[in-house]
Amino acid sequence: MSEGNTVWLKGWCAMCLQNDCGMLIRMEDGVVTETIGDPDTPTNRGKLCMRGGLASIPGYYDPKRVRSPMRRTNPKKGLTEDPGWEAISWDEAYALIGSKMRAIRASDPRKMAFMEGWGVCDELFAREIMLKNPETGGMAHGSIFATAFGTPNNVPSHGILCPIHFASNLVHAQHPEQIADLEYCTYLIAPGRTVGGNTVCPHSTARLTRALERGMKLVVIDPRHSPEASKAHRWLPILPGTELAFALAMIHGILFELGTYDEHFLKERTNAPYLISPDGTYLRDAQSGKPLMLGSDGPRPFDQVRDPILDADLEVEGEPVSTGFRLLKNGMRLYTPEWAEKITGITAEDIRTVTREFVEHACLGKTIVIDGFEFPFRPVQMGGSGRGACSHRNGTHFDLCVKIINMLMGAMELPGACTGGSRPGPCPDILRPDEDGTVTPIVEAVPRDFHFPPHHIDGGEFFPHKHTTPPIVVRNILDPKRYHLDYDIELFIFAGANPVRSISDQDLWIQAMSKVPLVVSININFDETSCLADIILPVSHFLEKDGIRIYKPPLQSIDDDLRGLEMILARNPVPRRFDTKSSDQILYDLARAGGFLPEMHSLINRMNRLSEKHRLDPEREYPLEDIWDRLIAELFGDGHSYRSAQAAGQLYKYTATGKKGYNYFYWPGSATRHPFYFERLPRTAKKLRENLRKAGIRHPAYVNEEKDFFAYYTGVPFWFPSHVREAPPEYDLYVINWKTGFRLHGTGGNMANPWINELREDDPYEMFIHIHPATAKEKSLDDGQEVWVESMHGKTRGKLRLTGLIHPKVLGIPGNYGGYNEHYINPVMPAGGAWFNILLPAEEAENLDPISGGLDNSPKVKVYPIGRQPGVFSK
């Protein structure tokens, strides 16, 4: 569109990981003057949050961006060391990195590691992919770029503080997370997670608003009074890391106090009636190998029993055997609301009230007809997958309890019930049963293959169901023998990732990057990780990038507005200001320089399921536009191309609406079964024990591997505290962190954005450490006072904000600020705020979830006034 010297360009916003809001960019006389939502895009429908609508432009005009490829001339690394940057050409940069890649591929591809972050979440070749080994069934995690190179060491930077995938991958084959169907939901419990408002995402916030206006009751369980809590039916401020106790008490209440649950669903659509052996795995038929259930005529293979007995103990060939339901029921017997009150700080009365309301709203026995198809109607959900609740050492057990609560109501993959990001339409196989009759697990619920000596720098052999574990990576770079590794990392490429700021172990990362011979950062800014690199490859601002975005399912929730939507967004870029490229172009060029472009083409074909007509020839080289044309034609037909998508801003269609938008429709009744008893975990533990014995080693992270690791791989969740050891009494508070509308994912170069900085500095809460007034009074602290917050690992400073919107035993640090030091070279972060991540310890045995590998993100801290204390990196 053009009006005189004014041109409107269509594209999409990349200021958060969702990356699916259509955008219109206004240019006047070659200058970008405005960004607004594209009303033609079915997701945001013309709306943008303040990040996209206000703050995209300053990122584009940021004078401190990396303007060309840079080479380090000072070998000494540190955040206060001048790298001595020297501008070089792209050809020089590719030659230096390409020769290193070719040498590593020829000797041992494991010696290259690749870390991608949210800074490249709008592109195709860096994002995480999962590939199943057809011979072993094991899951391999990588990216198109790293997997094509041949390294197993693809280590996403995101996720260590957000390990939300395993339970959904296991129970209903959903990825990336569990979400709520807000079209019909009448009662939603949100523990430690956002349903849209906290992220200020236009379309998820709109869905929540519509549901609340319709009358849905929202219960928020969170130490902090979040934006969602301000709209909630109930806010229950809970102590961090005790969400598991709350969930266990809910299960106890349903089973022993109310005695009301969907027995038909448990019998016909879960493995609750399966018989379990003493070792925790299925009791199997000697001839067929199928799991057994108990019928009126005794144990039979699961597919031969019409009316299984749900709750039973028995002996089979002299061994005690129980149904999965009986084991779960026995495990929950002691977890009363009174027991949970002492741990969580939430009264037994409130726990009982929420449990009763949840059951009352579940509509047990009712159905709903959609497009002539009759569904069971269970319009309730306890929302798992919450970063705040899952990012604890006991987080996976909590998330599994959430699945149990939903399954007790039969509220799984139905209208108004628990669902996930994997939608039907192009793939109706989400709930397809495996050989045991249960939903085929995906992604992280499929254990990784075991190798010895290990292949993976991130401990994948020893944490088979883990998400992403950068704390293990950095320790193993510094000491490979601790995990029996027989190689060193010689090349580490970071793409849109900044582990120094955004994870933990800041001092260790500085040491590791000093040890690795060649560190490459693909980035838009001189952030901390880039300042420690040997070569920086500059990424264009997202407004400058051409390319496509294949729509991913929405996060947080769904309703009929987006049900069945398939979409590709295309961008009309503004002129590039500097000698920069998109990360996709950079990775494609590096694959050519490193000699593995054929492997990359093969993976593009495989991961996008390209038909013969549209497949890339491994031996050819393609302009990226040609690749985008093929992807678009595969999804929308040969009449469509990148140019036609650019003209419209997006191509979209609705392929699975109404009844076809629910996974239950494809696998109704007893056609599949959800794991209610989590037999995969003891099965994984059994296999890992065998592998460790064969290798002649013990688990490298634990002194007592049975007590401290294998004990958690059980079919029935149980209570254990999030902290292994009690902190000294002076560490008397917890600290929590949350993403904010100002600082969500670090995408779009928003850390250095002056417009966002100006807004957040004026915000009365954003740049402060939140403390309850009663707690401040007890400690003689005042509003606005500068304080130290200190954990047993590190400390940070900031100003206090007294507020009743936080639990009295909790400090709150929003966003990812602080750590600013005027002596840093090229500091990206503005002054002000506290640096939450510096407080996080990350030793495996004490701080990581033994199943997901997630990092506990609520350490105990103390707070005290600033005196003559050393700076932020002091321990």
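Computing FRET efficiency as 1/(1 + (r/R0)^6) for residue 762 and residue 88, where r is the C-beta to C-beta distance and R0 is 35 Å, gives about 0.30.
Summed over all non-identical Cα pairs, the Kirkwood treatment of the range 512-571 gives a radius of 15.0 Å. Once you order the gyration tensor axes a ≥ b ≥ c over the Cα atoms, which shape class does the chain get: rounded for a/c under 1.5, otherwise prolate or oblate by comparing a/b with b/c? Rounded is the answer for the chain, as its axis ratio a/c remains below 1.5. Considering only 759, 573, 646, and ranking their Cα positions along the charge dipole of the chain that arises from unit charges at the beta-carbon of Lys, Arg, Asp and Glu, the one farthest toward the positive end is 759. The residues neighbouring residue 217, those whose beta-carbon lies less than 9 Å from its own, together hold a net charge of 0 under the Lys/Arg +1, Asp/Glu -1 convention. Using a probe radius of 1.4 angstrom, the carbon and sulfur fraction of the accessible surface of the range 674-752 is 52%.
Comparing 281, 521, 438 along the charge dipole axis of the chain, the residue lying farthest to the positive side is 521, per the Cβ-charge model. Taking the square roots of 5 times each eigenvalue of the Cα gyration tensor of the range 321-388, largest first, gives ellipsoid semi-axes of 29, 19, 13 Å. Take the range 66-184 with all the other protein chains still there, run a 1.4 Å probe, and you get 32 Å² of accessible area per residue.
Straight-line reach from residue 779: which aspartates and glutamates have a Cα under 19 Å away, not including same-chain ones fewer than 8 places off? The reachable aspartates and glutamates, counting only those whose Cα sits under 19 Å from residue 779, are 730, 732, 790. Normalising the average separation of contacting C-alpha pairs (under 8 angstrom, six or more residues apart) by the number of residues puts the relative contact order of the range 220-328 at 18 percent. Counted over all Cα-Cα pairs of the range 1-55, pairs farther apart than 16 Å make up 38 percent. Could you list the residues of the range 627-646 with an amide nitrogen less than 14 Å from a label point located 7 Å from the Cα of residue 592 in the Cα-to-C-beta direction? Counting only backbone N, you get 627. Extension gain, residue 130-residue 626: 0.36 nm per intervening residue step, less the Cα-Cα distance, totals 176.1 nm.
Where both bridge residues fall in the chain, DSSP classifies roughly 60% of the beta bridges as antiparallel.
Remark: for residue pairs 100/613; 466/552; 739/862; 10/77; 552/687, the C-alpha separation exceeds 32 Å in 100/613; 10/77; 552/687. Let me check I've understood the local charge: for residue 693, count other residues with C-beta under 12 angstrom from its C-beta, Lys and Arg +1, Asp and Glu -1. What total comes out? Result for the neighbourhood of residue 693: +3. For the range 19-74, trypsin sites (Lys or Arg not before Pro) are listed when DSSP marks them as loop and at most 14 other Cβ atoms sit within 10 Å of their Cβ; the list is 64, 67. Over the range 691-778, accessible surface divided per residue gives 46 Å², non-protein components excluded, 1.4 Å probe. Remark: the range 381-461 carries 18 Å² of accessible area per residue (probe radius 1.4 Å; ligands, DNA and RNA excluded).
Over all distinct Cα-Cα pairs of the range 81-132, the Kirkwood formula returns a hydrodynamic radius of 14.0 Å.
Loop-located chymotrypsin sites (Phe, Trp or Tyr not before Pro) across the range 27-91 with a Cβ neighbour count of 15 or fewer within 10 Å are 61, with loop assigned by DSSP. Surface composition of the range 755-816: carbon and sulfur make up 49 percent of the accessible area, probe 1.4 Å. The value of relative contact order for the chain, using C-alpha pairs under 8 Å at least six residues apart, is 19 percent.
A compact globular protein would have a Cα radius of gyration near 2.2 N^0.38 Å; the ratio found for the range 528-633 is 1.28. One chain, two ends: residue 297 and residue 28. Fully extended at 0.36 nm per residue, the span grows by 88.8 nm beyond their Cα-Cα distance. When the inverse distances between all different Cα atoms of the range 766-818 are averaged and flipped, the Kirkwood radius reads 11.2 angstrom. Start at zero, step by 5 Å, and the Cα-Cα distances of the range 343-431 spread as 3, 12, 18, 21, 21, 13, 7, 4, 2, 0 percent across the bins. Residue 49 exposes around 20 Å² of accessible area when a 1.4 Å probe is run over every protein chain in place.
Figure legend: label point modelled 7 angstrom from the Cα of residue 213 along Cα→Cβ; no residues of the range 12-34 have amide N under 17 Å from it. Each Lys and Arg contributes +1 and each Asp and Glu -1, all at the Cβ; summed about the Cα centre of the range 194-300, the dipole is approximately 440 debye.
If you wrap the range 708-822 in the convex hull of its Cα atoms and look at it from every side, the mean projected area works out to 10.6 nm².
Charge dipole (Cα centre; +1 on Lys/Arg Cβ, -1 on Asp/Glu Cβ; no other charges) of the chain amounts to roughly 420 debye. Over the range 43-197, Cα pairs under 8 Å with separation of 6+ residues give a relative contact order of 13 percent. Here the range 254-333 has 43 percent of its accessible surface on carbon and sulfur atoms, given a 1.4 Å probe and all protein chains in place. The Cβ shell under 14 Å around residue 125 holds other residues with a net charge of -1, Lys and Arg each +1, Asp and Glu each -1.
In whole angstrom, the range 1-138 maps to an equivalent ellipsoid with semi-axes of 37, 25, 14, each derived as √(5λ) from the alpha carbon gyration tensor and ordered largest first. For the range 265-359, what class follows from the C-alpha gyration tensor (a ≥ b ≥ c being the square roots of its eigenvalues): rounded when a/c is under 1.5, otherwise prolate if a/b is larger than b/c, else oblate? Prolate is the answer for the range 265-359, as a/c is 1.5 or above and a/b outweighs b/c.
The values are calculated or read from the model by the stated rules, or taken from the named source; none is laboratory data. All figures in this text were calculated on a predicted structure; none of them were measured in a lab. Neighbour counts are summed over all protein chains in view; Cβ atoms, including those assigned to glycine, are modelled from backbone coordinates with ideal geometry. Just the protein is used for accessible areas: all its heavy atoms, side chains included, with ligands, DNA and RNA removed. Shrake-Rupley method; radii C 1.70, N 1.55, O 1.52, S 1.80 Å.
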